[in-house]
Structure formats: structure tokens, C-alpha cells
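Presented below is the structure to which this report refers.
The values are calculated or read from the model by the stated rules, or taken from the named source; none is laboratory data. What you see is a predicted model; the values in this text were computed from it and never measured. No Cβ is skipped: glycine too gets one built from the backbone with ideal geometry, and neighbour counts run over all protein chains shown.
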Amino acid sequence: MFVTDAYGGHGGIAQYNRDVAAALAAMPEVAEVVVVPRQQRFPAADIPAKVHQVPEALGGKDRYLRAALRAARGSYDLLICGHVNLLSLATLLRLKLRVPLVLMVYGIDVWQPPAPTTRLWLRAVDDVWSISAITRDRMNAWARLPEGKYQLLPNAVHLGSYGMAQRRGELVERHGLQDKRVILTLARLSALERYKGVDEVLEAMPALLETEPKLKYLVAGDGDDRPRLEAKAAALGLGERVVFTGLIEEQEKADYYRLADVFAMPGRGEGFGFVFLEAMACGVPVVGSKVDGSREALRDGLLGELVDPTDSESVRQGIFAALEKPKRIPDGLEYFAWPAFQQRLADAVRKVVAANARSPRPR
């Protein structure tokens, strides 16, 4: 697996890559999974016994290339490219290894046409594993691959790692949430990713407060767009009604979800939205978008409220509808549970390996 990050990484793609590696390692016919990460923010932990992450790959493009070439000296049955930006390297190594090549795609990484050379490298790909149908469809608008090359592999949620519980008193006190009703968004606050829905919730807050004066908006996450968002909250006169927590640790995520009465991320560019699954697994009603991959995370509205992020009134109504719901883990969330993910992954692996065995490429 050639990936941006996995063990020791932060965010949804790193979590997805860890889940893919762990599901591969759980297959009885798999002897070893080698993960070559481009970056690693935190110490790597909880690596399964059959997974080997290559630390020598860290520290720049040259180190990554050398580590990838060394790793490719081994004998493998499958090569997985974890990002379209790594496809040139994966294509080169596919020629050396003579094994099937899978490309994993997530969202905006493939929603727009890439450089012409990337389209050439795409010819070496045997299968594309897409996190959502919207990502598959937007990619294929320019890629024009046969439909059979795509496999849908939506996120998994480890239900046993979450669950409903009382608000953690220390966090309530830290963020001034006593006697408050809380809307939560957990997202990376990047100037390059202003599609998460934070702007849309901020813009809806004045109208929401007119009807529900005890509301507070908790924005969990950090990034270079945070100063702009803080200034916007101030300009809207929201003052202490909005709290920016900064980066939160992975082990605290469930406790932050449990602070919320509603989890809202009415965005425009989410490929899927793993955070929706985590929030629902903590029993929190959720609000997602009709126009991006969060629609699939909410199973077309079966699991939560869907709104139009371009319409502030739609956002307001969706949040109010969610506030009226009791906290509970919704029926149907098990569709994304770990056993279902493992089965989908195993089916996808066996399909591409078997197809390559039937029609090996010429040496």
C-alpha cells in the first residue's frame, strides 16, 4: 500500500487507510501487508501483527521514493495506490512487480480532471476502489473507465469504540457548555477545503438563536482557515456562542461527539464523511448535505437530516429538526459496521486478484 498516511496519521483518509490495512490483514490468505506512508504526524500505534509500516519512507520525496523501491524488491500479489497523486510511482512499480494495481479514491482528489499524464497512468489500474458513488461518478465523468472497474468501498465504523454516554464534565466546563444545547462540527479548517459546512452553520446561527437562545456552536479541529472563521463569527455578533476548540486528540473524539445535541456538517465537497458515522455511533442526531458524499453516509436521509447548503433556511430547518430528535444510535448504521466493511474489502481483493490470474499481463 502506497499511501499519504496511515498509522500515526490524522484525519479521515488516514483512518480509512488503517481500516483497509487491518481488513487486509484479517483475511486468512494474506501473509503480510506492507504500508509505505508519505507522512506521519503522530507516533504509529496499534499496528496489526501482519501489517508492516515502513518508517524509512518518511522525511521527503527522495526518502519516500527510495523506500518504495526497496519495498518493491519483495514478492507481492497486489499493489494498492492510496492517492491519485501517487499513481505515477505506483504505475512504475506495477511494471516491476507484475501484479494487479488498485487505485483508492475519496472525493475532491478526483472530482476534477487531472493532468493529462495522470490519465495515461490510469490505464495501468486494474480496479478503482471508491469511497462513494458520487466520487465514482464525478471521476468517471472524465476518466471514462468501464463500469466494472469500480468497486464501492464506503467507510467503516467500529461501533464498539463509541456508544452513548454522559457528557464529560471536564470538557463541559472547559468550553462553557453548562446548560447549553450544542451543535458540533469536527473538521479540518483548511483554506483549501472551505466546503465542510462551517460557514453555512455560522450563517444560520443568528436565526437559530432567535428560537433557541441556549444554543452554542462547537467547532472542533484546526487549520489555517481558523482565523478567518473566528473573524466571521465575531462579525456575525456570535461572540461566546461559537467555540473553536483547536485540534483534538483521537482518543478524545468520542467524548467530543457526546457533548453535542446535533452534529452538523452541511458541506459541498465531502467525498463521504466518516465523522457522520462516528457521531451517529455516539447517538448524536446528524445534519448532512444533499449535494455531496455525506448523502451516502446518511443513506439518503435514512440516518439523518439532509439539507441544501446553498440555502440558509434549509440549513436552519435541518438543524432544528435534528434538535427535536432524541439521542439514539440509528437503526441501519450497522450497514457501515466493521464486519460489513471487511466483507466488502475481501470481495474486492479476491475479485481483482482472480481476474489477474485469469488474464495475466504479458511480461
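Test Arg38 against the criterion of being over 23 Å from Leu145 (Cα atoms), surrounded by fewer than 15 Cβ atoms within 10 Å (Cβ to Cβ) and either hydroxyl-bearing (Ser, Thr, Tyr) or touching a helix residue (DSSP H, G or I) at 6+ places or on another chain (Cβ under 8 Å) (or both), and give yes or no. It is false that Arg38 is over 23 Å from Leu145 (Cα atoms), surrounded by fewer than 15 Cβ atoms within 10 Å (Cβ to Cβ) and either hydroxyl-bearing (Ser, Thr, Tyr) or touching a helix residue (DSSP H, G or I) at 6+ places or on another chain (Cβ under 8 Å) (or both). Considering the range 252-264, and only residues there that are acidic (Asp, Glu) and at pLDDT 95 or above, the residue that is surrounded by the fewest Cβ atoms within 10 Å (Cβ to Cβ) turns out to be Asp255. Is it the case that the range 109-124 has a residue that's of a type in the set (Ser, Thr, Tyr) and modelled with pLDDT of 95 or more? Checking the range 109-124: not a single residue is of a type in the set (Ser, Thr, Tyr) and modelled with pLDDT of 95 or more.
Here's a check for you: in the range 179-199, which residue that is without any contact (Cβ under 8 Å) to a residue 40 or more places away in the chain and of a type in the set (Gly, Ala, Ser) is farthest from Glu324 (Cα to Cα)? My answer is Ala191. In summary, strands (runs of 3 or more DSSP E) completely within the range 79-194 and bearing 1 or more residues that are outside the structural domain of Ala14 (by TED's automatic domain parsing), buried (at least 16 other Cβ atoms within 10 Å of the Cβ) and under 20 Å from the mean Cα position of the chain (by Cα) occur at 181-186.
Here the range 265-294 is the region considered, the condition is being more than 17 Å from Ala187 (Cβ to Cβ) and under 18 Å from the mean Cα position of the chain (by Cα), and the residue that is surrounded by the fewest Cβ atoms within 10 Å (Cβ to Cβ) is Lys290.
Within the range 1-15, no residue that is basic (Lys, Arg) sits with its Cβ atom under 8 Å from a residue that is buried (at least 22 other Cβ atoms within 10 Å of the Cβ) at 6+ positions apart or across chains.
Taking the criterion of being of a type in the set (A, V, I, L, M) and in a helix (DSSP H, G or I), the residues of the range 207-227 that qualify are Ala207, Leu208, Leu209.
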